[in-house]
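Q: One structure coming up, written as structure tokens, with questions to follow.
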Amino acid sequence: MINKALEVLQRYFGYTQFRDGQQKVIESLLQGSDTLAIMPTGAGKSLAYQIPALLFKGTTLVISPLISLMKDQVDALQQYGVTATFINSSLSLKEVRTRIDRVASGKYKLLYIAPERLESDSFRCLLDSLRVSFLAIDEAHCVSQWGHDFRPSYLHLGPFLKSLPQKPLIGAFTATATEDVQADIVRLLGLREPSIFVTGFDRPNLMFSTFRGENKKDFLLEYTKAHADQPGIIYAGTRKEVDNLQSFLTKSGLKVGKYHAGMTDEDRLKSQEDFLFDEITVMVATNAFGMGIDKSNVRYVIHYNMPRNMEAYYQEAGRAGRDGEPGECLLLFSPQDVVLQRYLIEQTIFQPERKMNELKKLQGMVDYCHTPRCLRKSILEYFGEEDVQEECGNCSSCNDQREIVDITLEAQKVFSCIYRMRERFGIGMVAEVLKGSRKAKIRELRFDELSTHGIMHEVALQEIKDLINYLVAEGYLQLSTGEYPVVKLQPNAVSVLKGEAKVNRKVSPKPYRKESEEV
Ligand code: ADP
Ligand code: ZN
């Protein structure tokens, strides 16, 4: 079966092989299993249903929510010599009739429609006569109210499918991976024992790095200078930061543009075009930059501030290396970023449940910045890919040559302090007690009388916090979600306290902050 699919791929589309992930999805559909495929944008979802469509008898129906994309898709298919058409509200009634007639006479392998069409009786009649055997649903997350893009018209799909005399094979496609949304898709579309694939998230040509404790401005200057002839994007958290960094880097002689929502449309467009046509090499921007820009030779993406979650990070970082050539994705962590993002989440009008969820995702991002494990593996597992290799050899963790040291004693100090504070306080407070602070609050709570008060007095406060973050990222500690996250001991921390297990860490980074700068 897959050989036939490969033949179609080569004959119609001119590609030599399937991408990672495409093949599994196509195989599953060809075997006749309802299939839910979660593949990121650009991974090649379209081919994953177009190829089965070409192999199946009759016309395949493709449900797609975006009228503009429908036309592009159909145009592209026609260029490849595939017969396809679309029917949506942009067409005159006359044109719709003509197309319906042609579809009915079997002239097309693929018919794209918007979900609203399913409400029209005349259209339903057409479908009944067509005996659709395969139905592909693009942007399937639109059916879920949990998703970011819920569309009520997608709710008609379920009843529509139920009403068909013979249930077609269903392929549902989306770039959104949360389990809630997956469950909704399966339930609302009535998928029967579906095969679910989370796939294609890996971008092997990208190298991932995280940095903690750097002087970020110096780092940026050094890096951009060393890569002065290469296009790169620097994402910063606020407009003000973007303005600052742009003037800072411009002074050092680099060709730097900027982009954020506070600029006029005109200025933004100019900036975007200058970047596209290499008039400027570096773009400093907020997350407003990127939607719809298509520059394939971006060689690096630096995050000057940590984004709010992995979805946002991976989308932005993924703008590097679109051409398949090596690209670097660097994330500069500082504890202030967490404070800012936490504040922004608190300021939203989200329901408490949603806020909790956002805070949890934020913690996932903090963990990413502290984990000694392979960064690629962390990312791919976050998105739900299975069977990911332990080490990719192309990230700052895998390439970290530093010596592994036994930090069991330090970890025990931290754990026992948390235990004595009754697991009711956050990282900052625990670190202060370990450091031996005599702040009013600490004396009030009589934490200055604990045996663990000041047992790490010789270590910089920031280093203690980093250590605690490390122990969180490693799963010894858990941070509660909520406005004031509290550190709690996990069972493996108890084993360490009892002396039954050891804790290792690659040699701790050098202290980098003066005490006065600490947050
Ligand atoms: P998605 O719908 O997942 O965002 P597309 O289907 O638009 O992605 O595919 C993204 C790009 O990748 C397109 O230009 C497509 O032609 C190309 N592509 C898809 N599959 C392959 C393949 N097997 N080999 C090479 N290029 C591919
Ligand atoms: Zn790795």
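Q: Using a basic spin-label model with each label point 7 Å from the Cα along Cα→Cβ, how many nm lie between E273 and T16?
A: So the two model labels end up 3.8 nm from each other.
Q: Additional query: With r defined as the distance between the Cβ atoms of E381 and D75 and R0 fixed at 35 Å, what FRET efficiency is calculated, to the nearest 0.05?
A: 0.40
Q: At 1.567 mPa s and 4 °C, plugging the Kirkwood radius over alpha-carbon pairs of segment 267-322 into Stokes-Einstein gives what diffusion coefficient in µm²/s?
A: So the translational diffusion coefficient is about 109 µm²/s.
Q: What is the calculated FRET efficiency for I404 to Q315, with r their C-beta to C-beta distance and R₀ = 30 Å, to the nearest 0.05?
A: For R0 = 30 Å, the calculated efficiency reads 0.35.
Q: Over segment 371-426, what is the relative contact order in percent, taking alpha-carbon pairs closer than 8 angstrom and at least six residues apart?
A: Dividing the mean separation by the residue count of segment 371-426 yields 29 percent.
Q: Considering every pair of different Cα atoms, what Kirkwood radius, in Å, is found for segment 230-368?
A: In segment 230-368 this quantity evaluates to 15.6 Å.
Q: For a quick size check, give me the Cα extents of the chain along its three principal axes, largest first, whole Å.
A: Principal-axis extents of the Cα atoms in the chain, largest first: 85, 54, 44 Å.
Q: From the Cα trace of segment 402-445, what convex hull volume per residue do you get, rounded to a whole Å³?
A: That works out to 87 Å³ per residue.
Q: Additional query: Report the calculated FRET efficiency for S495 and F350 (r = Cβ-Cβ distance, R0 = 41 Å), to the nearest 0.05.
A: Calculated transfer efficiency: 0.65.
Q: Note down the magnitude of the dipole of the chain about its Cα centre, charges +1 on Lys and Arg C-beta and -1 on Asp and Glu C-beta and zero elsewhere, to the nearest 20 debye.
A: So the magnitude is around 620 debye.
Q: Suppose only helical runs count, i.e. DSSP H with n ≥ 4. What mean residue ellipticity at 222 nm does that imply for the chain under -39500 (n - 2.57) per run, divided by all residues and rounded to the nearest 500 deg cm²/dmol?
A: Using -39500 (n - 2.57) per qualifying helix, the result is -12000 deg cm²/dmol.
Q: Still on this structure: Give me the log10 of I(q) over I(0) for segment 29-165 at q = 0.12, 0.19 Å⁻¹, as the Debye formula computes it from C-alpha points; what are the numbers?
A: Values, matching the q order: -0.45, -1.26.
Q: Going through segment 93-182, which trypsin sites (Lys or Arg not before Pro) have at most 16 other Cβ atoms within 10 Å and a DSSP loop state?
A: K107, R131
Q: Within the set of other residues whose C-beta is less than 15 Å from the C-beta of E273, count the net charge using Lys and Arg as +1 and Asp and Glu as -1.
A: Surrounding charge for E273 is -2.
Q: So how compact is segment 291-423: Cα radius of gyration and Dmax in angstrom?
A: Here Rg and the maximum Cα pair distance are 17.6, 54 Å.
Q: Taking H as built 1.01 Å from N, whose amide H comes closer than 5 Å to the amide H of V62, not counting residues under 5 places away?
A: It is L111, Y112, I113, A136, by chain and number.
Q: Listing D180, D466, D121 from the residue with the fewest other Cβ atoms within 10 Å to the one with the most, what is the order?
A: D121, D180, D466
Q: What angle, in degrees between 0 and 90 and rounded to the nearest 10, separates the Cα long axis of helix 239-251 from the longest principal axis of the Cα atoms of the chain?
A: Between helix and principal axis, roughly 80 degrees.
Q: Another question about this same structure. I'm checking a number: the convex hull volume of the Cα atoms of segment 372-469, normalised per residue, in Å³. What is it?
A: Value for segment 372-469: 131 Å³ per residue.
Q: Hey, what do the phi angles of segment 332-347 turn into as Karplus ³J(HN,Hα) couplings, whole Hz, using 6.51/-1.76/1.60 and θ = phi - 60°, x for Gly and Pro?
A: Coupling constants for segment 332-347: 9, 8, 9, x, 4, 4, 5, 4, 4, 5, 4, 4, 4, 5, 4, 6 Hz.
Q: Another question, then. How high is the relative contact order of the chain, in percent, counting Cα pairs under 8 Å that sit 6 or more residues apart?
A: 12
Q: Here's another thing I want to ask about it. Could you please rank D138, D20, placing first whichever residue has the fewest other Cβ atoms within 10 Å of its Cβ?
A: D20, D138
Q: Under 8 Å for C-alpha pairs, at least 6 residues apart: give me the relative contact order for segment 311-394, rounded to a whole percent.
A: Relative CO of segment 311-394 lands at 17 percent.
Q: Could you give the angle, 0 to 90 degrees to the nearest 10, between helix 179-188's Cα long axis and the longest principal axis of the Cα atoms of the chain?
A: Helix 179-188 sits roughly 20 degrees off the main axis of the chain.
Q: Now, a different point. In nanometres, what is the gap between the two model label sites at R151 and E266, each 7 Å from Cα along Cα-to-Cβ?
A: 3.6
Q: Let me ask another. Listing E353, E279, E27 from the residue with the fewest other Cβ atoms within 10 Å to the one with the most, what is the order?
A: Least to most surrounded, the residues fall as E353, E279, E27.
Q: Out of every Cα-Cα pair in segment 21-85, what percent are more than 20 Å apart?
A: Percentage above 20 Å: 29.
Q: May I ask you to work out the translational diffusion coefficient for segment 167-300 at 20 °C, viscosity 1.002 mPa s, via Stokes-Einstein with Rh from the Kirkwood sum over Cα pairs, reported in whole µm²/s?
A: Roughly 120 µm²/s, to the nearest whole number.
Q: Give the angle, between 0 and 90 degrees and rounded to the nearest 10, that separates the Cα long axis of helix 121-130 from the longest principal axis of the Cα atoms of the chain.
A: 80
Q: Going down the list K217/K355; K240/K465; K162/K377; K295/K506; K240/K413, which pairs span over 29 Å between their C-alpha atoms?
A: Checking Cα-Cα distances, K217/K355; K162/K377; K295/K506; K240/K413 exceed 29 Å.
Q: To continue, here is another question. Less than 12 Å Cβ to Cβ from E381, Lys/Arg counted +1 and Asp/Glu -1: what total charge do the surrounding residues give?
A: Net charge in that neighbourhood comes out at -3.
The numbers here are math on the coordinates, done by the rules we state, and not lab data. It should be emphasised that the depicted structure is a prediction, and the values quoted were computed from it without experimental measurement. With ideal geometry, Cβ positions are generated from the backbone for all residues, glycine too; neighbour counts draw on all protein chains shown.
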